[in-house]
């Protein structure tokens, strides 16, 4: 039997061992907040403009050369420097006094600890008392899939500029799309008209492939939002109607009674496609109403509409030289859930 003195020794050693256990420090909660802009200051000195941005934490650059721009574009060399919690940019004071400049810092700054990026930060530089600065915004989508396009240059040209001069002229104003395809011009003069283009390029000059354009000029203060549909002029693939896209062979079609009835203001002729997991499983061509897809198997589907404006039974690409837009594509907002031997009726309306 263990003596009382030995028992005290064992207990003492156990307590000493438990006290000596090394526990890793928790380090506190992870920083998930992006830097917050506290204030800015503008200084003119020695023919130079200096703008300082002060944040609530230490910062660093994030892909500056890709994301930074000034609109209207300037030829001046931009100097930049970060010191602790402040960003300082400077350039020669040769800006036009009757214009408001948008200094875009979207995605150019992140914190120094966790790399949280400031995704939206714009500074409007006004060199006079202009009060007629107008906001105009929009979204750029891929014409066939309607996928929002990020990092796309959107430019405004004078209405006198010809399409053939796009490659030689510097735009009046520039913007770049966000991760979800949106762009904004926050500094347009009121009632002035422009030609609007968008393309994918490291700088705002058309690369002769991906482009979007608007048929008519836009007017600041009148037009407020627009969607652009980008197409690849070298793309030779088409959504061509193919009657082989069908659920069943003729011998068993009559046993499947489910159908989809589509009430719509969309125009005919058109191609309707049902997708299952991004694969076309059924397709029909309609040259007149009603739009009824018959013999549909039970399941869940995505519905796509293609307006066959030129009646060639395929999706037709755009062409800038011919001023032809790509044929419009619409995707129904919800998934369609079809039950066996059941009719599904939907409203598929377009707002534009």
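A few comments on the model shown:
- Matching residues, segment 78-98, being surrounded by 15 or more Cβ atoms within 10 Å (Cβ to Cβ) and part of a strand (DSSP E or B): 82, 86, 87, 88, 89, 90, 91, 92
- Strands (runs of 3 or more DSSP E) contained entirely in segment 265-325, each with at least 3 residues that are in contact with a strand residue (DSSP E or B) (Cβ under 6 Å, 6 or more places away or on another chain) and within 21 Å of residue 142 (Cβ to Cβ): 270-276, 299-307
- Hey, residue 78 under 29 Å from residue 152 (Cβ atoms), touching a residue at least 24 places away in the same chain (Cβ under 8 Å) and touching a strand residue (DSSP E or B) at 6+ places or on another chain (Cβ under 8 Å) or not: no
- Of the numbered criteria (1) without any contact (Cβ under 8 Å) to a residue 40 or more places away in the chain; (2) surrounded by 12 or more Cβ atoms within 10 Å (Cβ to Cβ); (3) not in a loop (DSSP other than H, G, I, E, B), the one residue 337 fails is (2).
Okay, residues lined up against (1) touching a strand residue (DSSP E or B) at 6+ places or on another chain (Cβ under 9 Å); (2) more than 24 Å from residue 150 (Cβ to Cβ):
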| residue | (1), (2) |
| --- | --- |
| 83 | no, yes |
| 95 | yes, yes |
| 98 | yes, yes |
| 110 | yes, no |
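- Among residues that are outside the structural domain of residue 185 (by TED's automatic domain parsing) and modelled with pLDDT under 95, residue 29 is included.
- Residue within segment 229-238 that is more than 25 Å from the chain's Cα centre (by Cα), at pLDDT below 95 and not in a strand (DSSP E or B) present: no
- From 302, 273, residue being surrounded by fewer than 19 Cβ atoms within 10 Å (Cβ to Cβ) and under 30 Å from residue 210 (Cβ atoms): 302
The values are calculated or read from the model by the stated rules, or taken from the named source; none is laboratory data. Note that the structure is a prediction, hence the values are computed from the model and not measured. In this analysis, Cβ positions are derived from the backbone assuming ideal geometry, glycine residues included, and neighbour counts consider all displayed protein chains.
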